[in-house]
Amino acid sequence: MDAVVLRAVSVRLGEFEPLKGVSLSVPQGAFVAVVGPNGAGKSTLFKVLLGLIPHRGEVRVFGNPPKNIDPHLVGYVPQIKTFDRSFPALSLELVVSGIRRAWPFRVTREERARALEVLEGVGALELAERPLGRLSGGQLQRVFLARALVKRPRLLLLDEPATGIDRLGEQDLYRLLEAYQAQSGATVLMITHDWEAAYHHATHVLVLNREVIGFGPPKRALSEECLRRAFGHLGHAHAIRMAGG
């Protein structure tokens, strides 16, 4: 059974149609990089998989419609973190909210131990007692990743997870994700604007511009033809070809 299946999925928001007839099957254990220009429907695709917006067509996550999925099976790191930075919340509490799916006004000993374990795994143990309002962009990204991983999800949806992280931190992030996959067998879908990261770290690449332009192994999906159809130009595709040999 595939982890994700979409058949002729379309979404209309007013007069705009961000997704048109999207069909694909993602095997379990795949690491899929989702690339495309701004407004291509990448984040909309994730919202469909999370059951957050209406759509036409068929969507299955581990064989079931998104609304019927145990929410603990799916971890999600949004691109934009919306919260009041003056709210006196700690990083550890945000991670525990991923266990409860509600804000914890009192953290149990078991929840604290699990949250600290995951924060350590993402290299953010020292941030556990730090207020969220005092975190840098990269630090906040790590805490949100810990929140997504604390449930040990089988499907991980990451919307530009390297935002705000320097190059060294980005490499740490990919090592972490690959280690989590090796340990759990989870499926990862990651929206990224970094074609080189897609080429080197993903098992599959989805090139999306409201419809599927290309889907498959990085070398095939990141072809000149697919990128030109999606973006209208090649951008840094030449650097990818050089790096890939």
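Descriptive notes on the structure:
- Counting only protein heavy atoms and a probe of 1.4 Å, the accessible surface of the range 1-149 is 52% carbon and sulfur.
- For a paramagnetic label modelled on Ala102 (point 7 Å from Cα along Cα→Cβ), amide N atoms under 20 Å away belong, within the range 55-79, to 69-74.
- Cα-projected label distance for Glu129 with Asn64, points at 7 Å along beta-carbon direction, nm: 4.0 nm
- Rounded Å value of the spacing that divides the Cα centres of the range 10-65 and the range 137-198: 19 Å
- Dipole magnitude of the range 29-184, debye to nearest 20 (Cβ charges: Lys/Arg +1, Asp/Glu -1, about Cα centre): 460 debye
- Nonpolar atom fraction for the range 171-235, defined as the carbon and sulfur part of the 1.4 Å probe accessible area, stands at 48 percent.
- For Lys47, the aspartates and glutamates whose Cα falls under 18 Å of its own Cα, not counting residues fewer than eight places away in the same chain, are Glu17, Glu58, Asp70, Asp159, Glu160, Glu211.
- Accessible area per residue in Å² at 1.4 Å probe, computed on the range 118-191: 40 Å²
The values are calculated or read from the model by the stated rules, or taken from the named source; none is laboratory data. Keep in mind that what you see is a predicted model, and the values were worked out from it rather than measured. Neighbour counts run over all protein chains shown; Cβ positions are idealised from the backbone, glycine included. Surface accessibility is based on the protein's heavy atoms, side chains included, excluding ligands, DNA and RNA. Shrake-Rupley method; radii C 1.70, N 1.55, O 1.52, S 1.80 Å.
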